[in-house]
Every structure is written in structure tokens, then in C-alpha cells.
Amino acid sequence: MESKFNKIFNQDFPVTKQELRDYFSGNLSPAEMHKIELKIESSDLSSEALEGFLDHPEAFAQLHELDNSFEKQLKTQKSWTSSHTLLAAAIAGILVVAGGYWLNEGVGTNSKVAVAENLSNEKETATQEVHFKISEPIVITEEIEKEVEEANLLPENRQLTADFIETHQPITVEAEDDVSDDELDSLVQQIAVPAPLSPINTEEINTIESSKVVRSNIKVVYAHNFLLVDYTELYSDGIQKQVIQHDLHNGTPVWLENRRDSAHDIHTEPIVQIVKVDYLKFMDDVQFKFKRNQYKKALKDYHQVLKQYPQDVNALFYGGLCYYNLDKPERALQYFDNLIHNAVNTFRQEGQFYKAMSLIAMNKHGQGNGLLLQISEEGGFYAQQAKELLDNL
């Protein structure tokens, strides 16, 4: 491979290649070395190096190696100073920006390949984390579906079980943010409160605090005591679902009824067809699975919804909970982030609270505790739960 070392030292570079070689040789006097350092400090090199580090964090790993290399060349005649380290940092940053080539032209092909492989591995790692970045759109791939199949459940005492979610959800009504407390009370009176709800139940409905009522900017319903946004009017096509064909007369699957064709070959694969299912009917079936803590089965159905409607807040919220219980807090975090930034605000408070729990599960205690503190200070339904969680951490 042709060396691109010379291309780094164009007319904009403050020192020549020979000056750098002389500097690292250890044969220059302190005054001569200082003169070269002044050239570098008089340019914008330091700021460029900083930008290089910000854009290419892998340079930090290379800096230590460069630092040791430079020190070995200087220690026989000159002491290693902070100026030398600054110089090494500047050059490392420039090299990253310029293409990641080493200063020494004698570096062999194998070394360059090794460096390239390291950078490739880091890039691959970063790619694997794409789905965990804040508000990254949800895309359901075969790899993600396989990941669900291979996932393991958290121990039950660490799960956010269906019972826990059911008994720790707020009263949610369709209302604008500027609705008065009196109007909100009237709306609460009109809804059928699912049981059990804690700390709210039907006997307490006349004394419900406004902070315990969540306003939704879209119609809501309940399925198996779990809150859902009613997308019926928006999703007129329903949900596409694969089903096994059945004989219209006796209900027997076609692939079992007609097991042999004219050549007497046995059909081993079922015959499937795509049907459209009413949205709320589909979600009712999914919530039944969620209620029974069948997280993998439920999550597959939430994935089916997200394939058609990537911004569906029902699938984002309950799908995030499934991921949490399958010991995938990074995936859960992505779902809750999408939930928080969604135009539909129904599950926004839930998204904040369970995002904090996901961060803590990822050992990001600083971020998680900070979010819990924010929730507790802002008030709202989850304020007390956030405070209690902080006290117990």
C-alpha cells in the first residue's frame, strides 16, 4: 500500500516532516525543540486535534501507544514533558482526521492491517449499538426477531410483571392540557375505572387528585385492565396477520385435510394466508398474552404492529416492558425514548419512569437517578414512586 504520510505535511502544516523527525531523534538542543513546539502552538493544530478526538474516540487508544513510542525516543537525552504529550495528542488527532496513518514510514503492512482491523471492530461494535441510541427509529429485522427467540427472562423478583404494571398505572382520560380541574373531574367520573388499580379505586373516584390523572391527547380504552390508545379510526386497514388456512366446512386446517396430492406426496408445511384483523381485537389478544407474562409471544405481536405502524405507542410501551423483562434494557431504553418523543402523549409519564429504570438496569445509575429526581420534582403520577425508588437505591 502506498504511504500517504507525505500528504499530511502540506503547506498548511506548521512543521515539515524533517523537523518532526529531528524533533523525535533527540539530537536537537532544547532551544531548537522549543522552536518547533512554538510553531505547532501558533497554529490551529490543537483545536483540530480536539475535534479529531471528538469525532474519532478511537484516537484515545492510539494516543497512549504514540505517547510511549515518543517517550522511548526522547528519554535518553530529553525528559518527557507535558509539551511533548500535547504534541503527541495534536499529531494523533491530525493523523485520525488525515486518514489514520502512523508517523513512521517503516511500519509494515501487517501493522496497518492490525490497525484497520481494530477500527473495523470498533465500527462494528458501534453499529450493534445503533438501536440503543436516543429516539432511533424502530426497525424490526430478522436479527432482532432472532434476538427475542434467544433472550432469557429476568428472575421473577426483578421483572416488571403484568401485575405490577396493572396496579401501578394512572387513571388516563382523553383531555387537552388546558382542561381545568373541574372539567377533569367530570371526565374521570364518566370513565369506567378498571380494577384493580392502586392507589386509586372506584370508591375513591370523587377524591382523585389531579396529579394522579394523566391527560391523553387521543382516545383511550382498556384491554384486560391495561391502558391502550384507540387507533381504530387511524388504522382502518387493521393489522395484517398470518393464519393457517382452514376448511370452510369443518374447520380442519387445509394442510391436514388434504395431506396428500395426486402423487401421494405428504404435505409437511402448513398453508398460510394473510388476513386483516381489527386493531383492537388484535391488541386484546396481545394484552391477554402480556397479562399472562408471556413476554416473548407478546413482543412478537408488538413487532408485527411496529412493522406496519412504527410510531404505535401501545406497541412501544408494552414492547419496551417486554424487552426489560427479557433482560434487554438497552432495547427497552430505545422503545421508551421513542415513546417520550412521540406526538401521542398518552404514555409519556410511563416512558420517563421506565426509561429511568432501564438506565439503572444498564448500570447507568447517574443518568437513571437524575431522571428519577426530575420526575419526583416535577410531580405527576410517578413522582412518589420515583422518590421511593431513589430512597431504596
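The values are calculated or read from the model by the stated rules, or taken from the named source; none is laboratory data. All of these numbers come straight from a predicted model, not from anything done at the bench. Here the Cβ positions follow ideal geometry from the backbone for every residue, glycine too, while neighbour counts run over all protein chains shown.
For this structure, a couple of remarks:
- For the range 342-393, the helices (runs of 4 or more DSSP H) that sit wholly inside it and include 1 or more residues that are under 18 Å from the mean Cα position of the chain (by Cα) and either of a type in the set (D, E, K, R) or not assigned by TED's automatic domain parsing to the domain that holds Thr167 (or both) are 348-361.
- Among the residues here, Asn345 qualifies as modelled with pLDDT under 95, out of contact with any Phe, Trp or Tyr (no Cβ under 7 Å at 6 or more places or on another chain) and not acidic (Asp, Glu).
- Residue selected from the range 275-300 under the condition surrounded by fewer than 18 Cβ atoms within 10 Å (Cβ to Cβ) and touching a Lys or Arg at 6+ places or on another chain (Cβ under 7 Å), by the criterion modelled with the highest pLDDT: Lys297
- Considered as a group, the residues in the range 284-299 that are part of a helix (DSSP H, G or I) and in contact (Cβ under 8 Å) with a residue 60 or more places away in the chain include one that is nearest to the chain's Cα centre (by Cα), and that residue is Leu299.
- Filtered residues of the range 348-370 (kept if under 19 Å from Pro170 (Cα atoms) and of a type in the set (A, V, I, L, M, F, W, C)): Phe353, Ala356, Met357
- Search result, residues across the range 270-304 that are hydroxyl-bearing (Ser, Thr, Tyr) and closer than 22 Å to Ile144 by Cα: Tyr295, Tyr302
- Among the conditions (1) assigned to a loop (DSSP other than H, G, I, E, B); (2) touching a Pro at 6+ places or on another chain (Cβ under 8 Å), Asn338 misses just one, which is (1).
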